[in-house]
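The values are calculated or read from the model by the stated rules, or taken from the named source; none is laboratory data. All of these numbers come straight from a predicted model, not from anything done at the bench. Don't worry about glycine lacking a Cβ; one is built from the backbone with ideal geometry, like all the others, and counts go over all protein chains shown.
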């Protein structure tokens, strides 16, 4: 019998594995953790772009959370995210269902429908600007022709919000379409056949068969699109710059402008951290829902 | 794009972090820079310049830079183009991580931001040395003083970005209107143009377009007002400013301003000029060249408008070149800049599209004199042009960065051009916004 039962040290194989993993771990720490920690420190200071500044505790957070601009931006971010997530999901699901049916040149349609997602957002924003910005743009001409008058899509605060949200749905629905199409492809046709044999209507099949069977992919796509929408900077900034009169200033735009236009890194990073915290909470809630779906 | 060795790769690595969090993290890296030595370093003088003109500008600028033959014992110069996209981040992260240039141009108020952070090498000695070689006296009147801070000259004027009144002479003739000379005749010309479905107050204040705000401040300055008092503090709610904004609101109410102006990008505004929807308006000194073609040749610089108070004035931006404290050789930075200013005239005489020159000798060249609009701007606008610091002064300072392309100014501009606000209320909001921005 051995003299003692002490734990064995790592084997040579384990050590080799650790050594192989170490560069990746170090890179992840360097590129992700380090900037986040520094940003966290910066949110507790009154620094500028090139100086760390003095420690001010939670003052930046209290300033941000008591400012009207923050809550206005929170409101728009909420609307933008809700419309972006559910709007793009609804359109994406509808198209995915449509493309399940056999239509001529279905493959071509799939490729064309992916274009809004594939085209760089700079190009998309420029195109949308061309479509709506001036009275001579196509959309204002159409609205005038059908008797709605000369509509100022980007100059009117409410219409600008609507336009930005619709733009977001337009560039996001292909992603949802792909997610939903792959989920629908995994559903066995026999399930639909059985439902039809049992006398289920189309609506009943959709609500009681299709939706539950693709719920896992739906929740995953909602989580991802929520993150995409809350963190979406270029869609808004390129089309409206956050205007007019801050009507389309989301939290990420507000944060950017605090840091790079007003040179207030403390409040800017504080906003970013509040955003991150909120996103984590929303993601956890959706993830729990996802786990529930798995169990069921 | 030209690059200077390892500097770019390190900056590129920093830039890869991207986004607000990373940028904030980068800003936290600032540990302060050490001042450059007197000379003798092997490291070259890194000169970073912006794309100030057309596609010919930077190649020619690089050629001028690389032709520099330094005096014995001083370092040569390298050249790098910095794009306007996210230039503040580019410079800030580079300065904070001490991988920045020794000499650079940049945003018009950039030098004053960095000066307040101790990152700038003052140009006092350089300017003093220029008294002996004629360069100092060659600057247009009042220009050098715009660079003077409490501690010294933060930079050297490089090119002038002017805001001026433009009109389309054909459209004005068709409307039977005379080019305006004062506020009332401006209203008259706008009314005449309106009858032809043409806007008389063309401007833009949408995404990335700051001219709209510049022109509002120009109306204030033209009326003897402005944003900052002699103590360099925001002082927006003044009778002169209220009167100026009431005048603009009158233009909006009477339909002289394109109602979509508050959302126009610079490209949208240019399109309106090209499509003859703007018959008159305010823009940079390069508008006619940017529009080009038949319409471009119809565009003429109007005279500065005289306000009811009898005064004139427009906002202008004395873009500048600054030297950084973190330099391999301060003597080398100054020697390079002396060479550069003595040899940069080609950038204007060969029409690279850069803003107006700061040196009288360049404005007197036959090439410059061949452009009537530019000559008019130099003769009529430069003498009455004021900086953001007006009416309290003309020398720039860090506080003006609170007004230059900030949310407070955007909101103010879009509110006024939207027309749904009272002049006093808008100015009070602006005052509060500037105070909040300056106060942090």
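Given the residues B:101, B:51, which is the only one that is within 14 Å of another protein chain (Cβ to nearest Cβ), at pLDDT 50 or above and outside any strand (DSSP E or B)? Of B:101, B:51, the one residue that is within 14 Å of another protein chain (Cβ to nearest Cβ), at pLDDT 50 or above and outside any strand (DSSP E or B) is B:101. In the set (1) out of contact with any strand residue (DSSP E or B) (no Cβ under 9 Å at 6 or more places or on another chain); (2) under 21 Å from residue B:285 (Cα atoms); (3) more than 14 Å from every other protein chain (Cβ to nearest Cβ), the condition left unmet by residue B:222 is number (1).
Of all the helices (runs of 4 or more DSSP H) wholly in the range A:210-296, which have at least 3 residues that are away from chain B (no Cβ under 14 Å) and more than 18 Å from residue B:86 (Cβ to Cβ)?
Passing ranges, in order: A:215-230, A:265-295.
For the range B:200-214, the set of residues classified as in contact (Cβ under 8 Å) with a residue 60 or more places away in the chain and either surrounded by fewer than 24 Cβ atoms within 10 Å (Cβ to Cβ) or under 19 Å from the mean Cα position of the chain (by Cα) (or both) consists of B:203, B:204, B:205, B:206, B:209, B:210, B:211, B:212, B:213, B:214, listed by residue number. For beta carbons closer than 6 Å, sequence separation of 6+ or different chains, a first residue in the range A:21-44 that is at the interface with chain B (Cβ under 7 Å from one of its Cβ atoms) and a second that is assigned to a helix (DSSP H, G or I) and at pLDDT 90 or above, the qualifying pairs are A:39/A:269; A:42/A:265; A:42/A:269.
Exactly one residue out of B:302, B:296 is within 21 Å of residue B:161 (Cα to Cα) and either within 21 Å of the chain's Cα centre (by Cα) or within 14 Å of another protein chain (Cβ to nearest Cβ) (or both): that is B:302.
Given the structure, is residue A:199 in a loop (DSSP other than H, G, I, E, B), modelled with pLDDT of 90 or more and within 12 Å of chain B (Cβ to nearest Cβ)?
When the stated conditions are applied, residue A:199 does not pass them.
Restricted to the range B:261-276, and to residues there that are in contact with a helix residue (DSSP H, G or I) (Cβ under 8 Å, 6 or more places away or on another chain) and outside any helix (DSSP H, G or I), the residue that is surrounded by the fewest Cβ atoms within 10 Å (Cβ to Cβ) is B:276.
Of the helices (runs of 4 or more DSSP H) lying entirely inside the range A:104-170, those containing at least 2 residues that are touching a residue at least 24 places away in the same chain (Cβ under 8 Å) and within 13 Å of another protein chain (Cβ to nearest Cβ) are A:121-132. Considering the range A:50-60 alone, what residues qualify as being surrounded by fewer than 20 Cβ atoms within 10 Å (Cβ to Cβ), within 13 Å of chain B (Cβ to nearest Cβ) and within 31 Å of the chain's Cα centre (by Cα)? Within the range A:50-60, just A:59 meets the criteria. Looking only at the range A:66-93, filter to residues that are surrounded by fewer than 18 Cβ atoms within 10 Å (Cβ to Cβ) and either outside any helix (DSSP H, G or I) or at pLDDT below 95 (or both); which one of those is nearest to the other protein chains (Cβ to nearest Cβ)? If we take residues in the range A:66-93 being surrounded by fewer than 18 Cβ atoms within 10 Å (Cβ to Cβ) and either outside any helix (DSSP H, G or I) or at pLDDT below 95 (or both), then A:67 is nearest to the other protein chains (Cβ to nearest Cβ). When residues in the range B:386-415 are screened for being over 17 Å from the mean Cα position of the chain (by Cα), more than 10 Å from every other protein chain (Cβ to nearest Cβ) and not in a loop (DSSP other than H, G, I, E, B), 1 of them pass.
For residue A:47, work out the one condition from (1) part of a loop (DSSP other than H, G, I, E, B); (2) more than 8 Å from chain B (Cβ to nearest Cβ) it doesn't fulfil. Looking at each condition in turn, residue A:47 falls short on (2).
For the range B:417-431, taking the residues that are away from chain A (no Cβ under 11 Å) and in a helix (DSSP H, G or I), the one that is surrounded by the most Cβ atoms within 10 Å (Cβ to Cβ) is identified as B:430. Whether any residue in the range B:390-398 is closer than 27 Å to residue B:185 by Cα and either buried (at least 20 other Cβ atoms within 10 Å of the Cβ) or touching a strand residue (DSSP E or B) at 6+ places or on another chain (Cβ under 7 Å) (or both) is what I want to check. Yes. Select, from B:368, B:336, the only residue that is more than 19 Å from the chain's Cα centre (by Cα), under 23 Å from residue B:165 (Cα atoms), in the same structural domain as residue B:96 (by TED's automatic domain parsing) and in a helix (DSSP H, G or I). Matching residue, one of B:368, B:336: B:368.
A quick yes/no check of all residues on (1) away from chain A (no Cβ under 14 Å); (2) more than 19 Å from residue B:232 (Cα to Cα); (3) crowded, with 24+ Cβ neighbours inside 10 Å; (4) modelled with pLDDT of 95 or more:
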{"position": "B:117", "(1), (2), (3), (4)": "no, no, no, no"}
{"position": "B:122", "(1), (2), (3), (4)": "yes, yes, no, yes"}
{"position": "B:130", "(1), (2), (3), (4)": "yes, yes, no, yes"}
{"position": "B:140", "(1), (2), (3), (4)": "yes, yes, no, yes"}
{"position": "B:143", "(1), (2), (3), (4)": "yes, no, no, yes"}
